[in-house]
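Engineer: Once you've had a glance at the structure underneath, I'll fire off some questions.
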Amino acid sequence: MSLLETRELQSGYGRIPVLHGVDIDVQPGEMVAILGANGAGKSTLVKTIGRVLWVIAGEIIFDGKSVTRLHSYQMTALGLGYVPQENNIFSDLSVEENLLMAGFLAKDARARVKRAYGRFPILEERKSQKAGTLSGGERQMLATGCALTLDPKLLVLDEPTSGLSPQVTQGLIQGIVDINKEGTAILWVVEQNPRSVLCHCARAFFLDSGVVTRTDTSTCLLDDPNFDSMFLGHR
């Protein structure tokens, strides 16, 4: 049984649809990429799965249950962690306060904060620092650490490496790969560094104008001689 499945999913902003019948699935423990050019609907898809955007039509199934009409906080309680690309931390709170806020529903919140520090040691070094003063890479580590405090079954990431230096990017990718190896499924919107991410993914879905136009294994995509032009718009 799939951990996540969307069926004929339609969503958008107000009455303007962006997704036009999207079907994707993620298996337990699997890492899956979402590819596509700018404006293809990738962020709209994960915002809808995270219940930030409402569903116009279709269905979302999570862990065997229809969650189409649930709110974001209900999805968190069911085991879905969603990390948006921007505005994903409380800038005026310290690093530790952010983590405690994220894990406040857990009885052992401080123990979970320590686990986040073990995952991303730089966060412990910065624990008293205001989150808004962190570097871009540190902010993404904090946002990911916050999402992990409630032990999600599925972690949904909206391009966490955007704008980061190559060294920081590789460190963050490895951290996320390690999370996946420990059993957490990952759904990853990929815009930058696609080859570095896809080599760790089992499969990928390609979106174009709000429609899935190709589903394939990452190996097949990476071996495709037209990969750059077809998927990234580069020649």
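Engineer: Which one is surrounded by the most Cβ atoms within 10 Å (Cβ to Cβ), of the residues in region 200-235 that are assigned to a loop (DSSP other than H, G, I, E, B) and either in contact with a His (Cβ under 9 Å, 6 or more places away or on another chain) or at pLDDT 95 or above (or both)?
Structural biologist: Top of the filtered list is Cys201.
Let's see how each residue does on (1) over 13 Å from the mean Cα position of the chain (by Cα); (2) of a type in the set (Gly, Ala, Ser):
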{"residue": "Leu150", "(1), (2)": "yes, no"}
{"residue": "Pro166", "(1), (2)": "yes, no"}
{"residue": "Gln170", "(1), (2)": "yes, no"}
{"residue": "Ile179", "(1), (2)": "no, no"}
{"residue": "Gly183", "(1), (2)": "yes, yes"}
{"residue": "Trp188", "(1), (2)": "no, no"}
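Engineer: Please state which one of Val113, Val46 is under 30 Å from Gln167 (Cα atoms), over 18 Å from the mean Cα position of the chain (by Cα) and not in a loop (DSSP other than H, G, I, E, B).
Structural biologist: Val113
Engineer: In region 1-26, which residue that is more than 15 Å from the chain's Cα centre (by Cα) and outside any strand (DSSP E or B) is surrounded by the most Cβ atoms within 10 Å (Cβ to Cβ)?
Structural biologist: Ser2
Engineer: Determine if region 154-166 includes at least one residue that is in a helix (DSSP H, G or I), at negative phi, without any contact (Cβ under 8 Å) to a residue 60 or more places away in the chain and in contact with a helix residue (DSSP H, G or I) (Cβ under 6 Å, 6 or more places away or on another chain).
Structural biologist: Within region 154-166, none of the residues are in a helix (DSSP H, G or I), at negative phi, without any contact (Cβ under 8 Å) to a residue 60 or more places away in the chain and in contact with a helix residue (DSSP H, G or I) (Cβ under 6 Å, 6 or more places away or on another chain).
The values are calculated or read from the model by the stated rules, or taken from the named source; none is laboratory data. Bear in mind that the values here come from a model prediction, so they are computed numbers and not experimental data. Note that each Cβ is placed from the backbone with ideal geometry, even for glycine, and that neighbours are counted across all protein chains shown.
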